[in-house]
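The values are calculated or read from the model by the stated rules, or taken from the named source; none is laboratory data. Computed from a predicted structure; not experimentally measured. Glycine gets a Cβ as well: all are built from the backbone with ideal geometry, and neighbour counts include every protein chain shown.
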Amino acid sequence: MIRVLLADDENLIRSALRALLSLEDGIEVVAEAATADEALAMARSFRPDVAVLDLQLPDRDGIALAADLHEQVPGCRTMIVTSHGRPGYLKRALAGGVGGFLPKTVSASVLAQVVRTVHAGGRYVDPELAADAISAGDSPLTARESDVLELAAEGAPVEEIARRAALTPGTVRNYLSSAASKLGAANRHEAVHVARRHGWI
């Protein structure tokens, strides 16, 4: 029996996933969570074989949660089911050891098959998402530019970004200018939009 943990902040989606998986032989949903912190607590208690994670959880993203699960519950394999299948997210997820990445539009039979594949140590990436990721290429931003742009995305002024990133305001302006230039954006707000659309921040 494959023991599954579901983490999604939308009750309806979580209930639907539970109902679909409960119809499958050899799969049992043993725990559900609406946040990443809840999911970690449930995983420590129930020791699931596979965690099916939403990409966008209220307290942090599913990729960060997957990394926490791999560290704290080593026997638990992870997969992400999302309505935000952007190329950057897919690459980050695979780099972080996530075994499956698929859109919420897949059929119940594909979902169950991916749970089995991931449990067996295999990997599955939705073919359309994989093609998009290949055509989008890698992020042109450095890690520091991504960090600063992510802080800018929250609308913080340069001084606040500088304080939070432990940089000088001048350095922050340089990073923002460089990021905007690389992304072909007129300003930092447009740069944030472009980076988010590709899943680079």
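Data for the structure
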item	result
Hey, Leu65 in a strand (DSSP E or B), out of contact with any His (no Cβ under 9 Å at 6 or more places or on another chain), touching a residue at least 40 places away in the same chain (Cβ under 8 Å) and surrounded by 23 or more Cβ atoms within 10 Å (Cβ to Cβ) or not	no
Any hit, segment 81-90, residues being buried (at least 19 other Cβ atoms within 10 Å of the Cβ) and of a type in the set (Gly, Ala, Ser)	yes
Any pair with Cβ under 9 angstrom, 6 or more apart, that starts in segment 170-191 at a residue that is closer than 13 Å to Leu151 by Cβ and ends at one that is among the hydroxyl-bearing types (Ser, Thr, Tyr)	Tyr175/Thr142; Ala179/Thr142; Ala179/Ser146; Arg188/Ser177; Ala191/Ser181
Residue satisfying all of: in segment 36-45; surrounded by fewer than 16 Cβ atoms within 10 Å (Cβ to Cβ) and in contact with a strand residue (DSSP E or B) (Cβ under 8 Å, 6 or more places away or on another chain); nearest to Lys104 (Cα to Cα) among these	Ala41
Residue, farthest from Ser139 (Cα to Cα), within segment 81-104, restricted to residues that are in a loop (DSSP other than H, G, I, E, B) and touching a Leu at 6+ places or on another chain (Cβ under 7 Å)	His84
Qualifying residue in segment 49-64 (condition: aliphatic (A, V, I, L, M), assigned by TED's automatic domain parsing to the domain that holds Val106 and over 25 Å from Gly199 (Cα atoms))	no
Matching helices (runs of 4 or more DSSP H) fully within segment 118-201 where at least 3 residues are within 19 Å of Ser83 (Cα to Cα) and not polar (S, T, N, Q)	127-136, 188-197
In segment 68-80, the residues that are buried (at least 24 other Cβ atoms within 10 Å of the Cβ) and not in a strand (DSSP E or B)	Leu69
Residue pairs meeting the criteria (Cβ under 8 Å; at least 6 apart or on separate chains; first assigned to a helix (DSSP H, G or I), in segment 1-26; second among the basic types (Lys, Arg))	Ile13/Lys104
Selection from segment 1-28 of residues that are β-branched (Val, Ile, Thr) and either crowded, with 19+ Cβ neighbours inside 10 Å or in contact with a Phe, Trp or Tyr (Cβ under 9 Å, 6 or more places away or on another chain) (or both)	Ile2, Val4, Ile27
Tabulated pairs, segment 93-104, first of a type in the set (D, E, K, R), second assigned to a loop (DSSP other than H, G, I, E, B) and surrounded by fewer than 24 Cβ atoms within 10 Å (Cβ to Cβ), C-beta under 7 angstrom, 6+ apart or interchain	Lys104/Ser83
